[in-house]
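The values are calculated or read from the model by the stated rules, or taken from the named source; none is laboratory data. The structure presented is a predicted model; accordingly, all values stated were derived computationally and were not measured. Cβ coordinates were reconstructed from backbone atoms using ideal geometry, including for glycine residues, and neighbour counts include every protein chain displayed. Side chains included, ligands, DNA and RNA excluded: accessible areas come from the protein's heavy atoms. Shrake-Rupley method; radii C 1.70, N 1.55, O 1.52, S 1.80 Å.
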Amino acid sequence: MSDTKDKGKTTGRKPLSAPRGSGSGTVKQTFSHGRSKQVVVQTKKKRTIGAQTKSTASKPAAKKPAAGAGGKAPSKLEAAAAKLGITVEELVQRQKVLLQRKKAEDARKAEQEKQQARTKALEEKQAANKQKEKEREEAEARRKAEEAERKKAEAEAKKKAAEESKPARNDRGGKGQGRNAPPSQADIEAAASSSGGRRKGGRNERDDRDRRDQGGGRGGRGGDSKRRRGKLTIASALGDDGDRQRSLASVKRARERERERRMGGEQKEKASVEVTLPETITLQDLAGRMKERVGDVVKFMMQQGEMLRSNDIIDADTAELIAEEFGHTVKRVSEADVEIGLDGQEDDPKDLEGRAPIVTIMGHVDHGKTSLLDALRSTDVVSGEAGGITQHIGAYQVQLKSGDKISFLDTPGHAAFSAMRARGANVTDIVILVVAANDSVMPQTIEAISHAKAAEVPIIVAVNKIDLQDADPNRVLTDLLQHDIQVEAMGGEVQAIEVSALKKKGLDELTEAITLQAELLELKANPKRVADGIVVESQLDKGRGPVATVLVKRGTLKRGDIVVAGAQWGKVRALVNERGQQMKEAGPSMPAEILGLDGTPEPGDAFNVVDSEARAREITEYRQRMKRQKQGVATQRASLEQFMTSLKDGSADTKALPIVLKGEVHGSGEAITQSLEKLSTEEVRANVVYGAAGGISESDILLAQSSGAPVFAFNVRANKQARDLAEKEGVEIRYYSIIYELIDDVKASLSGMLEPEKKETFIGYADILEVFNITKVGKVAGCKVTEGVVKRGCGVRLLRDDVVIHEGMLKTLKRFKDEVPEVTNGMECGMAFEKYEDIREGDRIECFEIEMIARSLD
């Protein structure tokens, strides 16, 4: 119908058709439902190179120029192109294509060889794995066979033991038991093993027959194979999954299960680590140090009733409990750990070298101490060559003619020496005690002896002013015996040298004595380590800034070192000796001035060289913070009241009352000391740390502050400097004019140090009539007072059948639901004990009071 409709229509485009020629033909196409169609097709001939060559050869040859006609001879490329019937350009292009094809073919062959090599390697690896698996299976089979043989051997041994014991049983049975004798334990075990083996074997045979029966009706396949085949899919139904293999993940899971089965399911024990805990830490940081999940730590805290997040801060105690709960060990660190390792390691004895001794000259005022220092300076050969000492910095070093060196420490008024001893920083090796031959031993001489003994350093006595007419050196040596100073001339070990600073006599003997004493002490130090030492004095110079005089104890201090001195730090910009000369370094026992600190340290502070500015800043910030905290707290005063408070708290180490005693004359001081010694008993005693005649000085305050003792002054007073220092250091000064008042105060203090006596007083009885069990309170006894009185908080004893079964304190005393202080005889009340509830009806309660009676010295 469409053909009929379209006959009269003309379009601008003709239908597509093949030309009818010799190369055309028809092809019949057959479709579904019996339809068919005739299609016109045309065959085209393919152009070949040979045909083109023939056509080219058929052309007239006149166009080719002859070689002998005077034209140029054609090249090989043109000849090849003419032979093929193509142009030179086409020939070149064709050669390029052929070359590219050759390269591609070579690359393909190389890739194919590589693929074959990889396949071969993979096959070898698989073969090796199979070999390993085979060896593992063989080893497992051998193990199982050995296990079976071992079990078999054990069974045979048991059977043999049973057979051996059978004749013995028969013998025993023949003697008195007969055939009714019970079987032995070995017979029972052998019978059980044999019967169990038969039952086990029978059960296995039946199971094998059942499996064969099930497999026989299904074409030889097991009955449970369909259950293990899995879900039915289209691919499995069509039979296309016959070549599917297990995935690598499935194989790994199976191997892991097999390994766990072999290991018996034992889980690997968690590794314990050492956790370093500061004073505060966050949960996240704690979990990281424990190598645990943050969620596990938060979950643990939630189980403990603490709702915390990962960034919440906890203290060190809580963190320690968490770490121990997770099975880790804990290492606690504190803020003070920044100073750990500041002093460095101990020196190797091989590195120690000899050093110059450090000498301190002490003595009474006007005994020639300063003159002796000036005379000793004149013995320095270096200063003589340089033109004398130009600057005095409190410490200096002298080089003798023999080449030995001695470092002298200037301590006017003993202030620096006492401060060093109070801070535990004694660097003095030898003390020279200067005593005038005309005055003999004076109060400050005795004080110097006390300081030297407290510092535990050897003493050399220098008897000065022997050039005077009234000089009596023997009297000096005799008076020193009263203070336990026995010189060599009197059979002791203390050296005594007679000198005259004014006439410069005996200086060589004094220096020789110092050198001899230093050799006996064997003073050594390591100069190759980082430096440390002590600060002798410090000042704030107007032009140079903070300047500190230091004495190097160990190592070598160099210019450019980073130094920490007390709460100050800085980089050493300059090193200056006592002559004002610049130095590059200062060795052991050498005094020097250092410039570059950020402040003035206190005399007696230790200085150390650190490796970095960050380390120095960290240490000084900690020390400054601790210093501010100490200043914020009330000053601890060495008073009698605080000493008694510390005794009540049990914080005192010993039951001894330290005292610094100053009197108007030696006689009164000795009388007071003897009276205080008579007050001492086996439990308490009065310890006179230092007693002397004269007014109270700054040295006395420093001595009392370092010893934690009050100062008792008998008919003497303290000067203004001493009063200001006592107020600053918190040392109590007590003034007395009557000796008995002083003794009574000390006696009262010693009596307060005695342990009080306990006295028990009976106050009443109460009988338990009924016992009530009250929720959230416990058991309460309903009682009736039968004798005396019962008081709240008194001591109680629970009597059952006149036997004491409990002794404690009364916690609750009520009458008609009201707390009452006491219940008298004949009245009823409710009573409850502290931490005890085993009370019964009919028990009796004995009430008593404990009275503390203070003891006193008779």
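Being touching a helix residue (DSSP H, G or I) at 6+ places or on another chain (Cβ under 7 Å) and assigned to a strand (DSSP E or B) is the filter; apply it to the range 728-739 and report the residue that is most open to solvent (accessible area, probe 1.4 Å).
ILE733
Working only within the range 469-493, note down all residues that are free of Cβ contacts under 8 Å to residues at least 24 places away in the same chain, in a helix (DSSP H, G or I) and charged (D, E, K, R).
Answer for the range 469-493, where residues must be free of Cβ contacts under 8 Å to residues at least 24 places away in the same chain, in a helix (DSSP H, G or I) and charged (D, E, K, R): just GLU488.
Take ALA425 and decide whether it is surrounded by 20 or more Cβ atoms within 10 Å (Cβ to Cβ), at pLDDT below 80, under 43 Å from the mean Cα position of the chain (by Cα) and on the phi < 0 side of the Ramachandran plot.
So ALA425 fails the test.
What is the one condition in (1) touching a residue at least 24 places away in the same chain (Cβ under 8 Å); (2) within 20 Å of LEU409 (Cα to Cα) that LEU516 does not satisfy?
(1)
Please verify whether LEU857 is within 20 Å of GLU770 (Cα to Cα) and among the aliphatic types (A, V, I, L, M), treating the condition exactly as stated. Working first, answer last.
Numbers: within 20 Å of GLU770 (Cα to Cα): no; among the aliphatic types (A, V, I, L, M): yes.
In short, no.
Given (1) open to solvent by 10 Å² or more (accessible area, probe 1.4 Å); (2) of a type in the set (Val, Ile, Thr); (3) in a strand (DSSP E or B), where does VAL536 come up short, assuming only one miss?
Result: VAL536 fails condition (1) only.
Looking at ILE774, ILE768 in this structure, which one is over 30 Å from SER675 (Cβ atoms) and crowded, with 18+ Cβ neighbours inside 10 Å?
One residue alone meets the criteria, ILE768.
Take the range 253-299 and flag every residue that is modelled with pLDDT under 85, within 11 Å of PHE326 (Cβ to Cβ) and surrounded by 12 or more Cβ atoms within 10 Å (Cβ to Cβ).
Answer for the range 253-299, where residues must be modelled with pLDDT under 85, within 11 Å of PHE326 (Cβ to Cβ) and surrounded by 12 or more Cβ atoms within 10 Å (Cβ to Cβ): just SER272.
Mind listing just one residue for me: the one in the range 84-108 that is β-branched (Val, Ile, Thr) and part of a helix (DSSP H, G or I) and, of those, modelled with the highest pLDDT?
VAL97
Taking the stated definitions as given, is LYS776 out of contact with any His (no Cβ under 7 Å at 6 or more places or on another chain) and in contact (Cβ under 8 Å) with a residue 40 or more places away in the chain?
In short, no.
In the range 696-705, is there at least one residue being open to solvent by 40 Å² or more (accessible area, probe 1.4 Å), over 18 Å from TYR735 (Cβ atoms), among the small types (Gly, Ala, Ser) and not in a strand (DSSP E or B)?
No, the range 696-705 contains no residue that is open to solvent by 40 Å² or more (accessible area, probe 1.4 Å), over 18 Å from TYR735 (Cβ atoms), among the small types (Gly, Ala, Ser) and not in a strand (DSSP E or B).
For the range 400-422, name all the residues that are modelled with pLDDT of 50 or more and surrounded by fewer than 16 Cβ atoms within 10 Å (Cβ to Cβ).
LYS401, SER402, GLY403, PRO412
List the pairs whose first member sits in the range 709-737 and is in contact (Cβ under 8 Å) with a residue 40 or more places away in the chain, whose second member is β-branched (Val, Ile, Thr) and exposed (fewer than 15 other Cβ atoms within 10 Å of the Cβ), and whose Cβ atoms are under 6 Å apart, counting only residues at least 6 apart or on separate chains?
Hits for this filter: GLY730/THR635.
Would you call PHE833 open to solvent by 80 Å² or more (accessible area, probe 1.4 Å), aromatic (Phe, Trp, Tyr) and closer than 16 Å to CYS783 by Cβ?
no
Output the residue which, of all residues in the range 300-333 that are outside any helix (DSSP H, G or I) and acidic (Asp, Glu), is most open to solvent (accessible area, probe 1.4 Å).
The selected residue is GLU306.
Can you spot a residue in the range 560-569 that is out of contact with any Leu (no Cβ under 9 Å at 6 or more places or on another chain), touching a residue at least 60 places away in the same chain (Cβ under 8 Å) and either within 28 Å of SER378 (Cα to Cα) or not charged (D, E, K, R) (or both)?
Checked the range 560-569: at least one residue is out of contact with any Leu (no Cβ under 9 Å at 6 or more places or on another chain), touching a residue at least 60 places away in the same chain (Cβ under 8 Å) and either within 28 Å of SER378 (Cα to Cα) or not charged (D, E, K, R) (or both).
Among the residues of the range 740-765, which ones are open to solvent by 80 Å² or more (accessible area, probe 1.4 Å) and farther than 30 Å from LEU661 by Cβ?
GLU757, LYS758, LYS759, GLU760, PHE762
Which one is nearest to LYS524 (Cα to Cα), of the residues in the range 334-352 that are part of a loop (DSSP other than H, G, I, E, B) and over 22 Å from the mean Cα position of the chain (by Cα)? Spell out the reasoning first.
Step one: filter the range 334-352 for residues part of a loop (DSSP other than H, G, I, E, B), giving 334, 340-348, 352.
Among the residues that remain, those that are also over 22 Å from the mean Cα position of the chain (by Cα) are: 347-348, 352.
Working: ASP347: 11, ASP348: 11, LEU352: 6 Å.
Among those residues, the one meeting the criterion is LEU352.
Can we say GLN568 is more than 18 Å from PRO357 (Cβ to Cβ) and surrounded by 22 or more Cβ atoms within 10 Å (Cβ to Cβ)?
Yes.
I'd like the residue in the range 297-351 that is without any contact (Cβ under 8 Å) to a residue 12 or more places away in the chain and of a type in the set (D, E, K, R) and, out of all such residues, is farthest from ILE619 (Cα to Cα).
LYS299
Inspect the range 714-727 for any residue being at pLDDT 85 or above, over 26 Å from VAL365 (Cα atoms) and either crowded, with 16+ Cβ neighbours inside 10 Å or polar (S, T, N, Q) (or both) and give the result as yes or no.
no
Report those strands (runs of 3 or more DSSP E) wholly inside the range 540-616 carrying at least 3 residues which are at pLDDT below 90, in contact with an Asp or Glu (Cβ under 8 Å, 6 or more places away or on another chain) and within 16 Å of ALA395 (Cα to Cα).
Qualifying strands (runs of 3 or more DSSP E): 545-554.
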